[in-house]
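Inspection log for the structure reproduced underneath, given as structure tokens.
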Protein chains: 2
Amino acid sequence: MYKGGYTGKILRIDLTEERYEIEALSPEMAINYIGGTGFAIKTLYDEVPENADALGPENKLIFAPGPFTGTSVPCASRMAVATKSPLTQAVGMSLSGGYFPAEMKFSGFDMMIIQGKAKHSTYLWISDNKVRFKKADKLWGSHTGDCQQMIKDDLGDQNIRIVCIGPAGENLCNFASIINERRAFGRKGVGTVMGSKNLKAIALRGSQAVPIASEEKLKVARGEMAKTMKNSDVLYPAFAKMGTPMVVDHLTDLGIFPLKNYSTTGEFDLSGKIGMAAQGPLTVGKAHCYNCPVGCTQLKVPKKGEYAGTLGEPEFETIYSLGGMTGVENADSIVAADRLCDELGIDTMSAGVTVAFVMELFEKGVLSESDLGGFSARFGDHQAMIKLIRMMAFREGFGDILADGVKKAAEKIGKESDQYAMHVKGLELPGYDIRGAKAHGLNYATAFTGADHCRGYAFQEIFGIPVPHAVDRFSAEGKGKLTVWNQDLRTATTDCPTMCGFLLDMALPGNALENTASLMEAVTGLMFTPEEVMKVGERINNVAKAFNMRQGLTKADDTLPKRLMEEPIKAGESKGHKISREELTQMLTEYYTERGWDSETGKPTRARLEALGLKNIADQMEI
Amino acid sequence: MYKGGYTGKILRIDLTEERYEIEALSPEMAINYIGGTGFAIKTLYDEVPENADALGPENKLIFAPGPFTGTSVPCASRMAVATKSPLTQAVGMSLSGGYFPAEMKFSGFDMMIIQGKAKHSTYLWISDNKVRFKKADKLWGSHTGDCQQMIKDDLGDQNIRIVCIGPAGENLCNFASIINERRAFGRKGVGTVMGSKNLKAIALRGSQAVPIASEEKLKVARGEMAKTMKNSDVLYPAFAKMGTPMVVDHLTDLGIFPLKNYSTTGEFDLSGKIGMAAQGPLTVGKAHCYNCPVGCTQLKVPKKGEYAGTLGEPEFETIYSLGGMTGVENADSIVAADRLCDELGIDTMSAGVTVAFVMELFEKGVLSESDLGGFSARFGDHQAMIKLIRMMAFREGFGDILADGVKKAAEKIGKESDQYAMHVKGLELPGYDIRGAKAHGLNYATAFTGADHCRGYAFQEIFGIPVPHAVDRFSAEGKGKLTVWNQDLRTATTDCPTMCGFLLDMALPGNALENTASLMEAVTGLMFTPEEVMKVGERINNVAKAFNMRQGLTKADDTLPKRLMEEPIKAGESKGHKISREELTQMLTEYYTERGWDSETGKPTRARLEALGLKNIADQMEI
């Protein structure tokens, strides 16, 4: 059926039974879901039942790279991890790049489904069709960097690629990450699920080449892609040199860099202290993912003071959460806290937003020093930030409440603290003040993973790219249609094949569908029209929606933090703007309609599901 | 001449000129100095002139593994680094194991002589007879673990072996170490010299097998050695399981585990809190050097509290310096501080002894909070300890004075603070209270590197091993002869071939000379009698003495801290004991006499030098 791109094999690992099976990848799966996110979401829907306990053995952890991963297609070593999120109870999916995704393909697998729960702490050692269940007692409790090194030393092979959890995942902090060398599958508690399964790490080593359907066609398609990348004004000239931290300055200019838990956005300029002017001098080098000519990761080392010597590589979202949100002006501390989060295996974004939540409650007098265990936590206090991060990772003291995330923490704290809990569906907010970027707002409200910048990122509002058309970031008009387009496009062209998301924003927005279609033909031999590629994206967004509905989520969950619907931004370039309840309703109605869903209930319709080949879902969901 | 063991090549690297040369190893060198320490000391004497500035381009940094390194002889991946010490102005030599020593042999070299000073920060990339001088700008400032990983990533080879310095070496802290994966060439500021040369790291990858003169003879000799190792009551049954931390408990039992800067030795029992009872539960695994069947390094991870998750592997001497000496009872903090020292590239021993010095001065009121920069530093304060370590590594604030080591710091602080500066020749004391182990005291007074437990460790006093005869640890009688024997034996049988020092203490003391001779014949084809092996040790101790004399050291430097000659141990199993000035003089006289040196001046005699084949030294030194 398919000639290349896929290994044709799915690895199913049962931790309870210490057993594994190798299953065949079906052609239908490849055609309808492409790979990566598509495979992962489809499997999640099929295999994780209604009301599954996110931290129980019935939840699954599904790793899936795409057909381009491990081939000569640049920027394609990326991978999805899907599970039911303990933080949102919805689809928990996170993507990460690096070398592990390519190594998984070299190991011979298109997907790895991990189920059950190990009886004792375990790590998996997988090489070329063999899985060994290894005791992880000695690794348990260790930092993620040390854990990886100890495994390499134990197995006597320094070329092994490893993903692992840190203490946060072991202690079931609800927003624990899975660390992948220096990168992270950061969000939605995928590391928490791994911890709940007593699985400390997965070590991979492969030796199989990924087959290619047509090397000739691939050369042409790759050449086109390289040309488009070179033509970008941003990708090589700026992004390769500065990476995502450059976004801090840009959002500050737009007046939508969130400050102090969204209480003071636009009121002062932190970019000089934590943006490029501060980040640049700390930068000591860069890092690439497998087969990436860009290399956006910026390695930073503070030179003086209490954080000197600690290497970190905070991305924009980390500088937002550990910097802007907390009001911390000490750039060194952000680098150090970023590293600490990676070593502890805790999501920098949820961690920072939760720290900011604590700081606002502390300043408002809702939380006291004695609540926290004997220290103060005002905005800007980097030492308090670092203490709180550790407390959450280890669930120590008040950290035990915070480790559930702001949504549940606010329920426990009470006293109207939910007013300050910045999340959607339980997922802490990313770093775009949506009051001045409304498609971002609608995307946060509707994305199947909660407030997620990675699902349908509205690059149009941020970089002024007129694709598919120019937009006014302050207007709610047309944002329903735009968000559907953004979500489906991103799912289909970056999260499935898989491909780096930054390419979509900075180089390929105008021809992502064509690029995906021609690379798919070259790599796999499967023929797609651009419209068919887009339909894969739509299909996956519908399957994910069905999964969420089955887990009890309703239209009421497609909402935004009260504060952002009530308080306008008080100063700066986005002064006076908010997303009113009416605007949100208007955008949601347009969104549901564009999706072919019922605009009253926000539920998919049978007609649309059937048009997408998802009759089985319509039947199962009794739609 | 020689058929095996050696590569026959010396690599000379000139950093000033960015040039390297490969020189032939002379047969005389192999016969007279065996390898390792022998090669390094001989080269140091020949090439580093009188009054060389330890931190100037005229100083050299000499790396030398031995003929057994990289062969199938177990426990032989060990290596000497020699230089003029900035801390002592004497021979600065440090040994370390791991994988780097073997890799150096695989790279084709018996010795690496690094001279000059790089114009900008540099690292060396050496593989199979080629040396590349690489820019280290991006590595400068980084922790040693990150530095190693960044080099591997940059060179695209995870199997490279690396030694590097951390911020302490860069900032010329006088007791900076050279880190070798997780191990250290810890003492005497060898890392400071590396920093002064703007050399951040040396990366090695080799592919050459070490030739063997007679595989058949080697099999026999190795079998004998393995048998002796197996017969040891301590090596596998205890040491392999507990490593050096077990010595804490043993020395506590003997009443010679130094407490609070030697002010309270024997007065309380800290072993329950920082010895095996505390260390055991933190242990998560062990690590081996290349081709070592024992694996004594104990990996430890604190499980709870502020240091949770941080992997460290404190050896006995680190637990002594960061624990006993500072009175710190928090075992977790010792693990974390050990790791911090390794990441910063600072010697745990000198660092801990210096912290203890500060703490005693603080308690005595000689130093105040404002002297330290706004914090208190009482005995037992682990947070102050960690702050001080960072301050010394970065030479920040008062750390700038402390970073010179206790000898020079006491000179600057004045106010009789030298009373509390525990060092010999500027090298901070190891963890044996010599008042209850007098051969240890004499060894500290006479060792060519200063107060060094590695030069002539008197295992007889600690483990009751009656080789060459039983001794009374409280007596000064016979300790001169014993110390000469210990120093020469250790130099010849462990530091030259090279071989792990613990084997000598725990398995081989009775037949170390025979073992070395038979392995030398098997590996290299060179024939030695046991007496000739011992003579190599003696020769090296004479060459090192000559080097020190030329740098201005005299008999007056062969002394001990005043406190240990004046204040007896106040309680415990060694209560009432001290080494009086008279006893020291008596031991020194016996020592000089045994060495065939002038007992009045403590200088070598022409007769003895000539008997050792060192007429050139007698001529040069005008003896």
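The values are calculated or read from the model by the stated rules, or taken from the named source; none is laboratory data. Everything quoted here is computed from the prediction, not taken from an experiment. FYI the Cβ positions are ideal-geometry reconstructions off the backbone, even for glycines, and counts take in every protein chain you see. Surface accessibility is based on the protein's heavy atoms, side chains included, excluding ligands, DNA and RNA. Shrake-Rupley method; radii C 1.70, N 1.55, O 1.52, S 1.80 Å.
Among the candidates B:Asp400, B:Asp404, B:Asp381, which residue alone is open to solvent by 60 Å² or more (accessible area, probe 1.4 Å) and either farther than 16 Å from B:Thr348 by Cβ or charged (D, E, K, R) (or both)?
Result: B:Asp400 is the single residue among B:Asp400, B:Asp404, B:Asp381 that is open to solvent by 60 Å² or more (accessible area, probe 1.4 Å) and either farther than 16 Å from B:Thr348 by Cβ or charged (D, E, K, R) (or both).
Pairs please, first residue from segment B:502-525 and farther than 17 Å from B:Ala30 by Cα, second anywhere and among the charged types (D, E, K, R) and buried (at least 21 other Cβ atoms within 10 Å of the Cβ), Cβ atoms under 9 Å, 6+ apart in sequence or on different chains.
B:Leu504/B:Arg490; B:Ala512/B:Arg490
Would you check which residues across segment B:162-190 are open to solvent by 10 Å² or more (accessible area, probe 1.4 Å), within 10 Å of another protein chain (Cβ to nearest Cβ) and not in a helix (DSSP H, G or I) and list them?
B:Asn171, B:Glu181, B:Arg182
Could you grab me the full set of residues in segment B:8-40 that are under 25 Å from B:Leu612 (Cβ atoms), open to solvent by less than 50 Å² (accessible area, probe 1.4 Å), of a type outside the set (Val, Ile, Thr) and assigned to a strand (DSSP E or B)?
none
If you scan segment B:368-378, which residues turn out to be open to solvent by less than 30 Å² (accessible area, probe 1.4 Å) and either within 14 Å of chain A (Cβ to nearest Cβ) or closer than 16 Å to A:Tyr307 by Cα (or both)?
B:Phe375
Which condition from (1) in a loop (DSSP other than H, G, I, E, B); (2) under 19 Å from the mean Cα position of the chain (by Cα); (3) not β-branched (Val, Ile, Thr) is the one that B:Ala64 breaks?
(1)
Working carefully through the options A:Arg608, A:Arg581, A:Arg563, A:Arg550, find the one that is open to solvent by less than 30 Å² (accessible area, probe 1.4 Å) and either more than 30 Å from A:Ala52 (Cβ to Cβ) or of a type outside the set (A, V, I, L, M) (or both).
Among A:Arg608, A:Arg581, A:Arg563, A:Arg550, only A:Arg563 is open to solvent by less than 30 Å² (accessible area, probe 1.4 Å) and either more than 30 Å from A:Ala52 (Cβ to Cβ) or of a type outside the set (A, V, I, L, M) (or both).
Determine which member of the set B:Glu360, B:Glu343 is part of a helix (DSSP H, G or I), within 14 Å of chain A (Cβ to nearest Cβ) and touching a residue at least 12 places away in the same chain (Cβ under 8 Å).
B:Glu343 is the lone residue from the list that is part of a helix (DSSP H, G or I), within 14 Å of chain A (Cβ to nearest Cβ) and touching a residue at least 12 places away in the same chain (Cβ under 8 Å).
Sort through B:Ala393, B:Ala409 and tell me the only one that's buried (at least 23 other Cβ atoms within 10 Å of the Cβ), under 21 Å from B:Ser196 (Cα atoms) and away from chain A (no Cβ under 14 Å).
Of the residues listed, the single one that is buried (at least 23 other Cβ atoms within 10 Å of the Cβ), under 21 Å from B:Ser196 (Cα atoms) and away from chain A (no Cβ under 14 Å) is B:Ala409.
Filter segment A:311-331 for residues that are without any contact (Cβ under 8 Å) to a residue 40 or more places away in the chain and either over 19 Å from the mean Cα position of the chain (by Cα) or within 14 Å of another protein chain (Cβ to nearest Cβ) (or both) and give the result.
If the condition is that a residue be without any contact (Cβ under 8 Å) to a residue 40 or more places away in the chain and either over 19 Å from the mean Cα position of the chain (by Cα) or within 14 Å of another protein chain (Cβ to nearest Cβ) (or both), then A:Leu311, A:Gly312 are the ones that fit.
Can you tell me which residue among B:Asp452, B:Asp488 is within 22 Å of B:Leu503 (Cβ to Cβ) and touching a strand residue (DSSP E or B) at 6+ places or on another chain (Cβ under 8 Å)?
Exactly one residue qualifies, and that residue is B:Asp452.
Which one of B:Ala82, B:Ala54 is over 27 Å from B:Glu216 (Cβ atoms), of a type in the set (A, V, I, L, M) and outside any loop (DSSP other than H, G, I, E, B)?
B:Ala82
Can you name the residue in segment B:149-161 that is out of contact with any helix residue (DSSP H, G or I) (no Cβ under 9 Å at 6 or more places or on another chain) and open to solvent by less than 10 Å² (accessible area, probe 1.4 Å) and, of all such residues, is nearest to the other protein chains (Cβ to nearest Cβ)?
In this case the residue turns out to be B:Met150.
Out of (1) under 30 Å from A:Glu532 (Cβ atoms); (2) open to solvent by 50 Å² or more (accessible area, probe 1.4 Å), the odd one out for A:Glu573 is which?
(1)
Go through (1) open to solvent by 40 Å² or more (accessible area, probe 1.4 Å); (2) of a type outside the set (A, V, I, L, M); (3) under 25 Å from the mean Cα position of the chain (by Cα) one by one and return the number of the condition A:Gly5 breaks.
Evaluating A:Gly5 over (1) open to solvent by 40 Å² or more (accessible area, probe 1.4 Å); (2) of a type outside the set (A, V, I, L, M); (3) under 25 Å from the mean Cα position of the chain (by Cα) leaves (1) as the failure.
For B:Val247, work out the one condition from (1) more than 14 Å from chain A (Cβ to nearest Cβ); (2) more than 29 Å from B:Pro430 (Cβ to Cβ); (3) open to solvent by 10 Å² or more (accessible area, probe 1.4 Å); (4) assigned to a helix (DSSP H, G or I) it doesn't fulfil.
The one condition B:Val247 does not meet is (2).
When B:Val335 is evaluated against the numbered criteria (1) within 22 Å of A:Leu139 (Cα to Cα); (2) in a helix (DSSP H, G or I); (3) away from every other protein chain (no Cβ under 12 Å); (4) not acidic (Asp, Glu), which criterion, by number, is the only one it fails?
Just one mismatch for B:Val335, condition (3).
Do we have B:Gly365 as free of Cβ contacts under 8 Å to residues at least 24 places away in the same chain, within 14 Å of chain A (Cβ to nearest Cβ) and in a loop (DSSP other than H, G, I, E, B) here?
no
Being under 30 Å from A:Lys570 (Cα atoms), within 21 Å of the chain's Cα centre (by Cα) and either surrounded by fewer than 24 Cβ atoms within 10 Å (Cβ to Cβ) or modelled with pLDDT of 95 or more (or both) narrows it down to one of A:Leu388, A:Leu442, so name that one.
From the options A:Leu388, A:Leu442, the qualifying one is A:Leu442.
Across segment A:293-336, what is the number of residues that are surrounded by 24 or more Cβ atoms within 10 Å (Cβ to Cβ), in contact with a strand residue (DSSP E or B) (Cβ under 8 Å, 6 or more places away or on another chain) and of a type in the set (Ser, Thr, Tyr)?
Of the residues in that region, 1 qualify.
Just to be sure I understand, how many residues within segment B:379-415 are in a loop (DSSP other than H, G, I, E, B) and either free of Cβ contacts under 8 Å to residues at least 24 places away in the same chain or of a type in the set (Ser, Thr, Tyr) (or both)?
2
Collect the residues in segment B:279-299 that are under 19 Å from B:Ser333 (Cα atoms) and part of a strand (DSSP E or B), keeping them in residue-number order.
B:Thr283, B:Val284, B:Gly285, B:Thr297, B:Gln298, B:Leu299
Kindly establish whether A:Glu538 is open to solvent by less than 30 Å² (accessible area, probe 1.4 Å), at negative phi and of a type in the set (Asp, Glu).
For A:Glu538, the condition - open to solvent by less than 30 Å² (accessible area, probe 1.4 Å), at negative phi and of a type in the set (Asp, Glu) - is met.
Any idea which of A:Ser214, A:Ser263 is open to solvent by 10 Å² or more (accessible area, probe 1.4 Å), within 28 Å of A:Pro561 (Cβ to Cβ) and modelled with pLDDT of 95 or more?
A:Ser263
Got a sec? Which of A:Ile346, A:Ile256 is open to solvent by less than 10 Å² (accessible area, probe 1.4 Å), closer than 22 Å to B:Gly145 by Cβ and aliphatic (A, V, I, L, M)?
Criteria check complete, one pass: A:Ile346.
Please work out which residue is surrounded by the most Cβ atoms within 10 Å (Cβ to Cβ), limiting yourself to segment A:133-148 and to residues that are of a type in the set (S, T, N, Q) and more than 7 Å from chain B (Cβ to nearest Cβ).
A:Thr144
Output the number of residues of segment A:519-530 satisfying the condition of being in a helix (DSSP H, G or I) and crowded, with 21+ Cβ neighbours inside 10 Å.
5
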